[in-house]
Amino acid sequence: MTTTSRNGSSQGCVIDQPTGLNEIGPSLDKYVLESTQRLGAIAELVGRGELVDGESHTWMLAQVDFIVDTIGKEGLELGDEMRSDLLQFLMAVANLNEQIRHQVSARH
């Protein structure tokens, strides 16, 4: 699946778009797991002081768009655990994005 990022470019997503609402639960579980793993790999780079490439940073921001679009779907009901997982993922993206911003500004 691809999502359109804020700048209009198309960005890859980790999961395929579910075809029906009944399939979204397992797909979102997989999405959260795989996206969290990828975000963790990016966080490791930042933790070592390495710069994050533009593609990875754009991917992070595209995930925010994907999650907001997904949870905004009418008729979609998410359990407490999934809402919590998605919120934690969004917070992790926000924190990592802030670390990247500080890292880039410190190098300039």
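Taken together, 64, 32 contain a single residue that is of a type outside the set (S, T, N, Q), buried (at least 17 other Cβ atoms within 10 Å of the Cβ) and over 21 Å from residue 100 (Cα atoms), which is 32. With the condition kept exactly as written, say whether any residue in segment 48-60 is among the polar types (S, T, N, Q) and in contact with a strand residue (DSSP E or B) (Cβ under 7 Å, 6 or more places away or on another chain). Yes; the residues of segment 48-60 include at least one that is among the polar types (S, T, N, Q) and in contact with a strand residue (DSSP E or B) (Cβ under 7 Å, 6 or more places away or on another chain).
The residues of segment 63-101 that are in a loop (DSSP other than H, G, I, E, B) and basic (Lys, Arg) amount to a single one, 73.
Residues in segment 48-74 that are within 10 Å of the chain's Cα centre (by Cα) and over 14 Å from residue 94 (Cα atoms): 66 only. Selection within segment 85-108: residues that are of a type in the set (S, T, N, Q) and under 14 Å from the mean Cα position of the chain (by Cα). The member of this set that is nearest to residue 33 (Cα to Cα) is 88.
Report whether or not residue 93 is surrounded by fewer than 16 Cβ atoms within 10 Å (Cβ to Cβ), of a type in the set (Val, Ile, Thr) and touching a residue at least 40 places away in the same chain (Cβ under 8 Å).
no
Every number here is computed from the coordinates shown, using simple stated rules; none is lab data. A quick note: this is a predicted structure, and the numbers were derived from the prediction, not measured. FYI the Cβ positions are ideal-geometry reconstructions off the backbone, even for glycines, and counts take in every protein chain you see.
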